[in-house]
1. Return the only residue of Leu145, Leu109 being surrounded by 19 or more Cβ atoms within 10 Å (Cβ to Cβ), assigned to a helix (DSSP H, G or I) and over 43 Å from the mean Cα position of the chain (by Cα).
2. Looking at Leu169, Leu189, which is the one that is assigned by the TED database to the domain that holds Leu133 and either surrounded by 19 or more Cβ atoms within 10 Å (Cβ to Cβ) or at pLDDT 90 or above (or both)?
3. Have a look at Glu232, Glu249, Glu183, Glu203 and point out the one that is surrounded by fewer than 15 Cβ atoms within 10 Å (Cβ to Cβ), on the phi < 0 side of the Ramachandran plot and in contact (Cβ under 8 Å) with a residue 40 or more places away in the chain.
4. Go through the residues of the range 40-57 one by one and say whether even a single one is over 30 Å from Lys197 (Cβ atoms), surrounded by fewer than 17 Cβ atoms within 10 Å (Cβ to Cβ) and touching a Ser or Thr at 6+ places or on another chain (Cβ under 8 Å).
5. Pairs, please: C-beta under 8 Å, at least 6 apart or cross-chain, first residue under 15 Å from Leu142 (Cα atoms) and without any contact (Cβ under 8 Å) to a residue 12 or more places away in the chain and in the range 90-104, second among the acidic types (Asp, Glu) and not in a loop (DSSP other than H, G, I, E, B)?
6. Taking Pro116 and the conditions (1) within 22 Å of Leu29 (Cα to Cα); (2) without any contact (Cβ under 8 Å) to a residue 40 or more places away in the chain; (3) in contact with a His (Cβ under 6 Å, 6 or more places away or on another chain), which numbered condition does it fall short on, given that it satisfies the others?
Amino acid sequence: MERFIVSARKYRPTSFETLIGQENIAKTLKNSILKKQLAHAYLFCGPRGVGKTTSARIFAKTINCLNLSEKLDPCGVCESCIAFDESRSFSIHELDAASNNSVDDIRLLNEKVRIPPQIGKCSVYIIDEVHMLSPSAFNAFLKTLEEPPAHAIFILATTEKHKIIPTILSRCQTYDFNRISVEDIVKNLTQIAQSEKITIEPEAMHIIARKADGAMRDALTLFDQSVAFCGENITYDQVISNLNVLDYEYYIKLTDHLLEGEHTDALLIFDEILSKGFNSLHFIGGLSTHLRDLLICKDERSAKLLELAPSLIEKYIEQSRRCPVSFLFNALNITTTCEAGYKLSGNQRLHIEFALVKLSRINAPQEIVSEKISEPKTTEKPIIQEKLKTIEVPAVEAPAGKEVIQVAPPKNEYSPSTPSIKGMIKKAEEKSAKNEHEKPKEPGESEFDFEKLENVWVEMAEAEKSLARLSTAISQIKPVLDENKTIHFKVVNELQRDWINKNCKTRLLSFLREKLDNRHIELNVEVVSADEKTESKLYMPEEKAKFLLDNYPEMRELQKDLKLEIK
């Protein structure tokens with residue numbers, strides 16, 4: 001049985017001419033060979049499957065080829081090319097940094113670099129996935145990378161350039177590989193299908209190219225998978241079924257229902273999609289892409305950005321004509337917001353269904369609530385006072401001897417009561433008098449003695465308990481009253497005096513004047529003089545006991561009763 005070789009290896013480019021989608025890089029490398037301006041270190045970085053390692057292999061093979069063609073392509077027949085094709089070349093070395101990432105591996109590489117090539121001009125070292133090297137391995141590699149032997153060239157390849165330390169980046173020529181366009185992938189797949197004698201529909205080819213996401217290797221892998229499933233005739237329906245890709249027709253139908261405001265049909269389509277096993281996150285992402293493509297189709301200049309089969313492009317252009325730009329903007333806003341909050345949602349299906357309902361209401365007319373539900377207000381009907389016509393009644397003389405009774409005119413019971421101006425003025429005066437009456441009584445000139453001052457002083461200490469610093473100072477120091485009704489308040493230092501004068505003196509003075517009922521009271525905060533300060537001293541236990549016995553008779557009686565001795 002003949003062994004099968006996958007298309008990614010079978011159709012791997014072997015020269016710069018067959019390199020796909022990286023023409024600028026190929027031209028730069030060829031010119032460096034032509035002008036003999038080869039650097040000692042190169043860094044190839046970019047997404048997976050775009051040709052980094054392939055370009056490194058072609059570059060290394062071309063450098064060591066003994067019979068280069070006019071187009072600077074390796075001949076393929078010299079000893080160096082044959083040894084390379086048979087994977088037995090001692091001039092071109094490939095190292096996988098993912099599995100050889102230690103300092104010992106780099107130390108071994110540094111020793112090999114000194115050995116000159118057996119065949120060819122240079123010893124080329126291709127280090128793949130170089131970002132996997134440990135920091136210590138990077139540092140061990142620095143000296144060799146900066147000053148390698150004249151015959152050594154290093155080609156580093158990575159998909160994660162940001163993980164490489166700056167000291168390595170500064171020593172390399174960096175080449176950024178681009179994603180391969182859908183058009184280039186389709187063109188290459190067409191050539192491979194023709195060489196393999198396989199019939200494939202253009203729509204199916206575009207599905208494979210778009211799912212590959214710019215990676216030629218992934219596209220060839222999907223192509224082999226489709227061939228294994230479909231055989232020699234690959235159709236669009238078979239490819240979307242095999243690769244689990246949602247058909248574009250679902251998005252087209254769904255958009256039509258959303259334009260018409262039919263949210264029920266939109267929900268039914270979503271349910272059908274889920275029943276076929278598609279992921280709901282991929283569905284909402286695909287819907288966003290579909291709306292983006294419709295927006296692109298609105299302008300002929302941007303229509304070239306569509307990476308679809310020609311038959312599908314016509315359908316997109318036709319549907320975009322029915323979609324207002326405002327609808328597409330609002331729809332994209334809803335879908336992207338839904339996609340961003342998908343993973344945070346507790347009920348992900350409901351999250352997407354609610355987004356579909358909102359999409360169906362974009363073109364709906366704004367519902368304006370014209371009636372407000374509220375309790376009916378009872379409004380009093382204005383009382384209309386009709387003017388009565390004055391009827392002239394002839395004067396009739398009253399009979400003699402009878403008293404004439406004058407009848408007062410009827411009172412109008414329903415006349416509107418308008419406030420009198422005099423009444424308003426009277427109320428204002430009463431209110432003003434009341435406010436004046438309620439004003440706090442100002443302190444008078446009542447006399448007080450020191451005993452009353454002490455009681456008020458204790459009361460003031462209790463009132464200032466919220467400010468512990470002030471309350472402690474008031475309770476510990478007794479005030480001194482002189483002839484002029486000035487209360488002297490002595491504190492222990494200037495800092496405490498300044499703090500009380502600045503923050504508390506006004507409040508304390510108001511309290512004392514109000515409680516003692518004397519507005520002539522003044523408060524003077526002073527600092528205790530040096531003579532008045534009592535010297536602090538540490539007492540022994542015997543001295544403390546003697547002090548208690550001398551000053552408190554109860555303690556002496558307790559000593560006698562308990563027969564205690566002081567030692």
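The values are calculated or read from the model by the stated rules, or taken from the named source; none is laboratory data. In this text, all values refer to a predicted model and were calculated from it rather than measured experimentally. Here the Cβ is made from the backbone with ideal geometry for all residues, glycine too, and neighbour counts use every protein chain on show.
1. Leu109
2. Leu169
3. Answer to the selection: Glu183.
4. yes
5. Filtered contacts from the range 90-104: no entries.
6. Of everything listed in (1) within 22 Å of Leu29 (Cα to Cα); (2) without any contact (Cβ under 8 Å) to a residue 40 or more places away in the chain; (3) in contact with a His (Cβ under 6 Å, 6 or more places away or on another chain), Pro116 misses just condition (1).
Conditions tested, residue by residue: (1) modelled with pLDDT of 90 or more; (2) part of a helix (DSSP H, G or I).
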residue: Ile25; (1), (2): yes, yes
residue: Leu29; (1), (2): yes, yes
residue: Lys36; (1), (2): no, no
residue: Tyr42; (1), (2): yes, no
residue: Ala56; (1), (2): yes, yes
residue: Phe59; (1), (2): yes, yes
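Here's the yes/no breakdown for (1) of a type outside the set (Gly, Ala, Ser); (2) under 30 Å from the mean Cα position of the chain (by Cα); (3) closer than 30 Å to Tyr236 by Cα:
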residue	(1), (2), (3)
Asp299	yes, no, yes
Ser302	no, no, yes
Asn333	yes, yes, no
Thr336	yes, yes, yes
